[in-house]
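Trainee: Here you go, one structure.
The values are calculated or read from the model by the stated rules, or taken from the named source; none is laboratory data. All figures in this text were calculated on a predicted structure; none of them were measured in a lab. Note: ideal-geometry Cβ built from the backbone for every residue, glycine included; neighbour counts use all protein chains shown. These accessible areas exclude ligands, DNA and RNA; they are computed on the full protein's heavy atoms, side chains included. Shrake-Rupley method; radii C 1.70, N 1.55, O 1.52, S 1.80 Å.
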Amino acid sequence: MNERFPIGSFARPDELTENVINGWREDIKTFPLLLRQTVEHLTDEQLDTPYRDGGWTVRQVVHHLADSHMNAFIRFKLALTEATPVIKLYNEAAWANLADSHLPVEVSLSLLEALHERWAALLSSLTKNDVNKTFIHPDSGHVTIGENIGIYAWHGRHHLAHITSLCEKKGWV
């Protein structure tokens with residue numbers, strides 16, 4: 001197993017059908033509960049264990065998910081309300097080392113639950129036209145809302161797999 005990409009890289013399907021997008025919407029809606037169920041029993045020592053050599057700790061991953069998904073939610077709203085906005089990048093590695101990444105994971109778990117409730121409501125309201133709206137990512141170019149739903153459904157599963165594979169490897173399950 002590739003410890004850095006335990007579920008592989010995001011693979012955009014050739015066609016973004018309604019069924020594909022609905023599956024991704026469901027992934028985004030249910031992600032906070034899956035994350036909570038995975039980490040709520042972990043001790044502080046376990047939370048402060050890197051998921052791989054040179055990787056973030058479980059605690060940093062949980063806080064990164066909140067950081068990343070907050071940014072994603074804003075990007076969705078910008079794409080829905082502006083004509084092809086250029087989104088701002090942020091330094092994920094630097095953010096993961098700021099003081100708030102040492103807080104209890106409950107802070108980010110609660111934030112993710114509230115954020116994903118709003119995000120799921122927003123995603124459920126999208127029309128076919130909305131799904132085709134785009135933003136410009138400085139590194140990736142034009143990204144549609146539909147594709148970005150998939151990217152963030154994958155993103156949650158990707159980091160959840162980091163944590164679950166560490167738990168399995170260490171026998172914490």
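Trainee: Considering only the range 139-164, state which residues are surrounded by fewer than 21 Cβ atoms within 10 Å (Cβ to Cβ), among the small types (Gly, Ala, Ser) and closer than 16 Å to Thr38 by Cβ.
Mentor: Correct list: Ala161 only.
Trainee: Only one of these is outside any helix (DSSP H, G or I), β-branched (Val, Ile, Thr) and either at pLDDT 95 or above or closer than 18 Å to Leu112 by Cβ (or both): Thr84, Thr30. Name it.
Mentor: On the way: Thr30 fails: outside any helix (DSSP H, G or I).
Criteria check complete, one pass: Thr84.
Trainee: For the range 78-91, how many residues are in contact with a helix residue (DSSP H, G or I) (Cβ under 8 Å, 6 or more places away or on another chain) and surrounded by 14 or more Cβ atoms within 10 Å (Cβ to Cβ)?
Mentor: In the first step, residues of the range 78-91 are kept if they are in contact with a helix residue (DSSP H, G or I) (Cβ under 8 Å, 6 or more places away or on another chain); the result is 79-80, 85, 87, 90.
Among the residues that remain, those that are also surrounded by 14 or more Cβ atoms within 10 Å (Cβ to Cβ) are: 79-80, 85, 87.
Within the range 78-91, residues that are in contact with a helix residue (DSSP H, G or I) (Cβ under 8 Å, 6 or more places away or on another chain) and surrounded by 14 or more Cβ atoms within 10 Å (Cβ to Cβ) number 4.
Trainee: Could I ask something else about it? Within the range 109-128, which residues are polar (S, T, N, Q) and either under 19 Å from Asp67 (Cβ atoms) or open to solvent by less than 60 Å² (accessible area, probe 1.4 Å) (or both)? Spell out the reasoning first.
Mentor: As a first pass, look at the range 109-128 and keep what is polar (S, T, N, Q): 110, 124-125, 127.
Answer for the range 109-128, where residues must be polar (S, T, N, Q) and either under 19 Å from Asp67 (Cβ atoms) or open to solvent by less than 60 Å² (accessible area, probe 1.4 Å) (or both): just Ser110.
Trainee: Among (1) farther than 16 Å from Ile74 by Cβ; (2) more than 15 Å from the chain's Cα centre (by Cα); (3) among the hydrophobic types (A, V, I, L, M, F, W, C), where does Ala121 come up short?
Mentor: Unmet condition: (1).
Matching residues to (1) in a helix (DSSP H, G or I); (2) free of Cβ contacts under 8 Å to residues at least 40 places away in the same chain; (3) polar (S, T, N, Q):
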| site | (1), (2), (3) |
| --- | --- |
| Pro6 | no, no, no |
| Asp14 | no, yes, no |
| Leu80 | yes, no, no |
| Asp100 | yes, yes, no |
| Ser108 | yes, no, yes |
| Leu111 | yes, no, no |
| Ala114 | yes, yes, no |
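Trainee: Give me the residue from the range 4-27 that is of a type outside the set (Phe, Trp, Tyr) and in contact with a helix residue (DSSP H, G or I) (Cβ under 7 Å, 6 or more places away or on another chain) and, out of that set, surrounded by the most Cβ atoms within 10 Å (Cβ to Cβ).
Mentor: Let us first name the residues in the range 4-27 that are of a type outside the set (Phe, Trp, Tyr), namely 4, 6-9, 11-23, 25-27.
Filter once more, so that each one left must be in contact with a helix residue (DSSP H, G or I) (Cβ under 7 Å, 6 or more places away or on another chain): 6-7, 12-13, 16, 21, 25, 27.
Numbers: Pro6: 19, Ile7: 15, Arg12: 14, Pro13: 10, Leu16: 18, Ile21: 21, Arg25: 19, Asp27: 18.
Checked the range 4-27; the qualifying residue surrounded by the most Cβ atoms within 10 Å (Cβ to Cβ) is Ile21.
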